[in-house]
Each structure stands twice: as C-alpha cells, then as structure tokens.
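Heads up, the thing below is written out as structure tokens.
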Amino acid sequence: MFKGNYLSDDIKKSPCSNNEIKISSNNTPFQLNVLSMAISLFIFSSRSVLADTTPTIQDINILPNEIIQTMQSINKNDYLDNFENNGSIIPDVDFGVNNSGYILNFINNTNGVISSYAGTSVRNGGVIENFINRGHIGTLLGRDPSRAVTLSKTGTISNFDNQLSGVIDGPTGIRNDGAIGTLNNAGSIIGSEIAIHTQGTISSLINSGSIISDEFSIYLNGMNGIAKIDSFSNSGIIQGDIGIYNDSAKLPEIINDGVISGITYAIYNVGKAGTPTISIQNNGEIVGGIEHTGSGPIIIKGGSKEKPGGFDRNSGATWADHGDKFRYRF
C-alpha cells in the first residue's frame, strides 16, 4: 500500500560532488515497479489531456468548379495553415465560412465565390493572420447575406487584403466589431447600406480601389469608446450619400489623394466631449462638403487660398457656420 508520505519517507537525497543530487532508496523492487507504473500512468494521462486540447493541423483546399453546399466551420481548437477557395461555397444556411479557430492564410482566389443564404458569408470570431480576397464574397442571385464579412468582438485579422479583382458586397460589406491590423483595399467594397462599418479597431485603412454605398461608405461608431482608425489614406474612390461618417470614434487624420464624394456630405463628423482633433490632408477632391459638429476642431490642410482644403468655398463645405471649430493650413 502507498502511504501519503511515501516519497518523503522512502526516497532520500544524498550529498554528492559537483552539486549533483543522488537519489537513494531502501524500497524493494516490487515497490519501485509499482511506483514506476504509477508515474507512467500519470504521464500517459497527462499526454491524453494535452492531446485533447492540441489544435488540429490541416488545410482546406476547394478546387476549381467544386461546389460546396455545407457551411465550412473552423472550430476553436482548429489550426489551419491554409484555407484556399477556388470554387463556390454556397450553403443554404446563415454562414458560408465560420471561423472560431486560427487560420494562417485565408485565400479566396479569382474564381472563388463565397456566399450564404442569409447572415454572413464569412464570419470570423477567431484569428486570421492573412485574409486575401481575389474573388467574390457576398451577394448572389437568390442569396442575400446581410453582411459579406463580419468580425465579432473576439475576431482579429492581422492583414486584410482585398486585391484588384476582389469584390466584397452586401447590405453591409465589412462589419468589424473586433480588430483589424491593416485593411488594404485595391478592389471593390460595396454596401447597399454601409460598405465598411466598424465599432472595433483598424490600425491602418488604405484604399486605392472603390468603397461605395447608397448610404454610408464608411461608418465609424465610436459610442462604445473603442472604435478607431489610427491611419487612414485614400487614393481611390469613396462614394455614398455620406462618404465618411464618424460618430465619436478616434480618427486622427485623413489623407486624401483620391476622391471622397457624398450626395449629402463627403465627410460628416459627430464628436462627443473629449473627441480629439481631426486633421484632413486633402491633395485630391472632396465633393459634397464637410459637416462637423464635434467638440474638437477639424484642421484642413492642402489646397490654396482660392481653394482651401482643395475645394471651392461654394462646393457645399460648411465650415463658415462653425466658427473656430475649423482651422485651415494652406
């Protein structure tokens, strides 16, 4: 029988040279064998527990002309080096792809199509290091997902790259409640309601393509105190009823070398108390004017005295109505 103090009573440390520890024992061979079996059983059990929590390592590769009509789920403990789609993922459920695990490279190639009957075409509640879209994610005939790509609060994408041939569309193109490192759009992001809606964080948004909506092209909702875009540059087209709508989010600077256009306003900034200054460096075109009701000033840089900020004074800009909330550097 084992005693509760078996090890401390029967295994003793003996002094040895060179700072080594020598283990001596008066146990019989039978006792040592039993102890050895117990230790082996413990190690085996520990390995079994680890095996249950070790992520599975696998790749998903959907071939050209292959049609997948079931949702592609990546579970919490799944680890994928590559998820690559060259075919069509079109299930009759709320999600086309639902990720809760880890994906190193998520690639939707030129001929790739991802949609869902409703809900979200691609939902990410886990980690995706590189999200590359060269194909089409979103709305298809007979399928109307409310969002093309969604990041939940636990979702992160380090590098989101919508390339030249990439199309992301739906009532909402991209909904971000999580964290995106770099969002680089050279293709098209289209939303009948909102093209890009963020309540989370985006470290860098770079647009050289098209971000287009019937309502809001880019909508920042900062009422949760979290939403922000640290760096924002546009050399493409941002177009909507309102081009950029910022409600109290942190948006320190907009650098525009392209076109920001709005039927009602190009840029509409609503700032709660304590919202920092927004700086607009405009070397391109801002069509539709700027409305600012924030607590801090907007600094508009670029253009000339004749065209402050790069647009005519009669173009619809409303700075004259807001006193010192607007400052200009030419």
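All of the numbers you see were taken from the coordinates with simple rules; none came from a lab. Only a predicted model underlies this, so the values are computations on that prediction, with no experimental measurement involved. Cβ placement follows ideal geometry from the backbone for every residue including glycine, while neighbour counts extend to all protein chains displayed.
Of note:
- Under 5 Å, built H, 5+ apart or other chain: amide partners of Glu253: Phe232, Ser279
- Net charge contributed by nearby residues that have their C-beta within less than 12 Å of Leu183 (K/R +1, D/E -1): -2
- In loop segments of region 79-182 as defined by DSSP, the trypsin sites (Lys or Arg not before Pro) with at most 14 further C-beta atoms inside 10 Å of their C-beta are Lys153.
- Most positive-pole-ward Cα, Gly284, Leu63, Gly119, against dipole of region 56-329 from beta carbon charges: Gly284
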